[in-house]
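Peer 1: Handing you a structure now.
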Amino acid sequence: MHYLNNWCHIRHQKITKNGQTIFEDEQADTGTFLLNAYKQLAIDYPKFYKMDNLCKLAFLAAETLLDGTSLPALAPAEDLGIVLANHYSSLDTDIHYLETAQSFPSPSLFVYTLANVMVGEVCIRHKLKGENTVFIFDNYEIPFLCGYIDDLLAINAASAVIGGWVDVMENHYEAFLYLASHLNTENSLFHDHKIIETLYGKPDTGFENPDH
Amino acid sequence: MENLIQDLKIQIIDQLNLQDLTPQDIGDDQPLFVEGLGLDSIDALELIVLLQQHYDIKVANPEDGPKIFHSVKTMAEYITAHKKAA
């Protein structure tokens, strides 16, 4: 049996951890919300400013999720994995990059024109050196991702895995991350897709955009 | 030259998204890479774009990069020496 140790949800101008609100900013668009959250959470990581919105969102979700958790105490870096999914891949940044390409293509935007760069940013920050994967799905396929992470833990390909959904497109943004491991702590839940579906709640409607 | 150096600092902060810095935080002779501002190879490409965008100067020889982009002052000297007559 595997356990879900903590979870974090960012959507609708709000950041929650284990169901408790950490930050809220009702008036802000995506970029402003992410910047205000970074400042409010008092994180010191100047590279944050250079990231695209998808990476900023993944970064903030991971910061919130792992606050108070010692990953090195949990497992060696090589046994710490991360498995994410989203709908829009890096399209939000791809479009911005294309706009700059009309005059001077931006090298710093170009490096974010891949969805798995968000995983790289989290791995660098938290020193994760294990399995890492990004799936592109129409919807957050919780049973599939839960099963995939269960398999990694079961065959000892990882001792702890950050899993979830991180998606950005213009002013639609959502991140749902959780930490799964062999460790049964006081507040742990079973790593079960029905429990994750309950924690996640209703999907955001951002990707039902008729223009898409 | 002083005005150019000040303009460059503002442009560098904007182009490289160094939003935690102000122009006063960047010394004229402070190295831009590694031990100075800690810029990386992608930032170097952005600085090349900056010279082209704002000053219409193309860096023809990449081997000149370390000298040109050593500091804001060396950038300003390169711009002064290479800017086209109005």
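Peer 1: How big is the A/B interface in buried accessible area, both sides summed, 1.4 Å probe, to the nearest 100 Å²? List each step's numbers first, then the result.
Peer 2: Numbers: alone 10430 and 5530 Å², together 14930 Å².
Looking at A and B, the buried total is near 1000 Å².
Peer 1: Rounded, prolate or oblate, given the Cα gyration tensor of segment A:116-207, with a/c below 1.5 counting as rounded?
Peer 2: Since a/c reaches 1.5 but b/c is at least a/b, the shape of segment A:116-207 is classed as oblate.
Peer 1: Which values of log₁₀ I(q)/I(0), to two decimal places, follow from the Debye formula for segment B:2-82 at q = 0.14, 0.15, 0.16, 0.27 Å⁻¹ with a uniform point scatterer at every Cα?
Peer 2: -0.39, -0.45, -0.52, -1.79
Peer 1: Now for a separate question. Between the helical axis of B:2-15 and the dominant principal axis of chain B, each derived from Cα atoms, what acute angle in degrees is found, rounded to the nearest 10?
Peer 2: For helix B:2-15, the angle is close to 70 degrees.
Peer 1: Further, regarding this structure: Compute, for chain A, the length of the dipole vector about the Cα centre, with Cβ point charges of +1 (Lys, Arg) and -1 (Asp, Glu) only. Units Debye, rounded to 20.
Peer 2: 600 debye
Peer 1: Return the lysines within reach of residue A:14: Cα separation strictly under 19 angstrom, same-chain partners fewer than 8 residues apart disregarded; answer none if there are no such residues.
Peer 2: In chain and number order, the partners are A:39, A:56, A:202.
Peer 1: Okay, next question. Provide the per residue accessible area, probe 1.4 Å, for segment A:3-208, rounded to a whole number of square angstrom.
Peer 2: Heavy-atom SASA per residue in segment A:3-208 reads 45 Å².
Peer 1: Starting from the Cα-Cα distance between residue A:197 and residue A:157, subtract it from 0.36 nm times their residue separation and give me the gain in nm to one decimal.
Peer 2: Full-extension gain reported as 12.0 nm.
Peer 1: Using only atoms on other chains, find how many Cβ atoms lie within 10 Å of each Cβ of peptide A:41-50 and report the average.
Peer 2: Per-residue shielding by partner chains comes out at 3.
Peer 1: Follow-up question, since we're still on this one. Tell me the relative contact order for chain A as a rounded percent, counting alpha carbon contacts under 8 Å between residues six or more apart. If you can, show how the numbers build up before the last one.
Peer 2: Numbers: 368 pairs, mean separation 68.1, N = 212.
So the answer I get is 32 percent.
Peer 1: Please work out the Cα center distance from segment A:102-120 to segment A:1-47, rounded to the nearest Å.
Peer 2: 23 Å
Peer 1: Which angle between 0 and 90 degrees, to the nearest 10, do you get for helix B:41-55 versus the longest principal axis of chain B when only C-alpha atoms count?
Peer 2: It is inclined by approximately 50 degrees.
Peer 1: Separate question: So which lysines pass the test for residue B:58, namely a Cα distance under 30 Å, with those fewer than 8 places away in the same chain ruled out?
Peer 2: Reachable lysines: A:47, A:50, B:9, B:67, B:73, B:83, B:84.
Peer 1: Would you jot down the residues in segment B:6-20 that end up with at least 20 Å² less accessible area in the complete protein assembly than in the chain alone, with a 1.4 Å probe?
Peer 2: The answer is B:17, B:19, B:20 - residues whose exposure falls by at least 20 Å² when every protein chain is included.
Peer 1: Using only the alpha-carbon atoms of segment A:143-193, report the extent along each of the three principal axes, biggest first, to the nearest angstrom.
Peer 2: So the three principal-axis extents are 38, 25, 16 Å.
Peer 1: What's the local net charge at residue B:70, with K and R +1, D and E -1, over the other residues with C-beta under 13 Å away?
Peer 2: -3
Peer 1: Tell me the angle of helix A:91-100 to the major Cα principal axis of chain A, expressed in degrees between 0 and 90 and rounded to the nearest ten.
Peer 2: 30 degrees
Peer 1: If contacts are Cα pairs under 8 angstrom and at least 6 residues apart, what is the relative contact order of segment B:2-82 in percent?
Peer 2: Averaging sequence separation for qualifying contacts and normalising by length gives 33 percent for segment B:2-82.
Peer 1: If you don't mind, another one. Counting Lys +1, Arg +1, Asp -1, Glu -1, what net charge surrounds residue A:126 among other residues with beta carbon under 12 Å of its beta carbon? It would help to have the intermediate numbers written out before the result.
Peer 2: On the way: positive: A:125, A:127, A:129; negative: A:63, A:67, A:121.
Spelling it out: positives minus negatives among the neighbours equals 0.
Peer 1: Could you compute the FRET efficiency for residue B:6 and residue A:144, with r as their C-beta to C-beta distance and R0 at 35 Å, rounded to 0.05? Walk me through the intermediate numbers first.
Peer 2: Working: r = 55 Å, r/R0 = 1.57.
That pair, residue B:6 with residue A:144, gives E of 0.05.
Peer 1: Here is a follow-up. I'd like to compare B:55-66, A:32-43, A:181-192: which one has the highest average count of other Cβ atoms within 10 Å, and what's the full order after that?
Peer 2: In decreasing order of mean packing, B:55-66, A:32-43, A:181-192 become A:32-43, A:181-192, B:55-66.
Peer 1: Have a look at the DSSP beta bridges in segment A:3-208 and tell me what percent are antiparallel, nearest 5.
Peer 2: Percentage antiparallel, nearest 5: 70.
The values are calculated or read from the model by the stated rules, or taken from the named source; none is laboratory data. All values reported here derive from a predicted model rather than from experimental measurement. All Cβ positions, even for glycine, are placed from backbone atoms using ideal geometry, and neighbour counts span all protein chains on display. Keep in mind that these areas ignore ligands, DNA and RNA; they rest on the heavy atoms of the full protein, side chains included. Shrake-Rupley method; radii C 1.70, N 1.55, O 1.52, S 1.80 Å.
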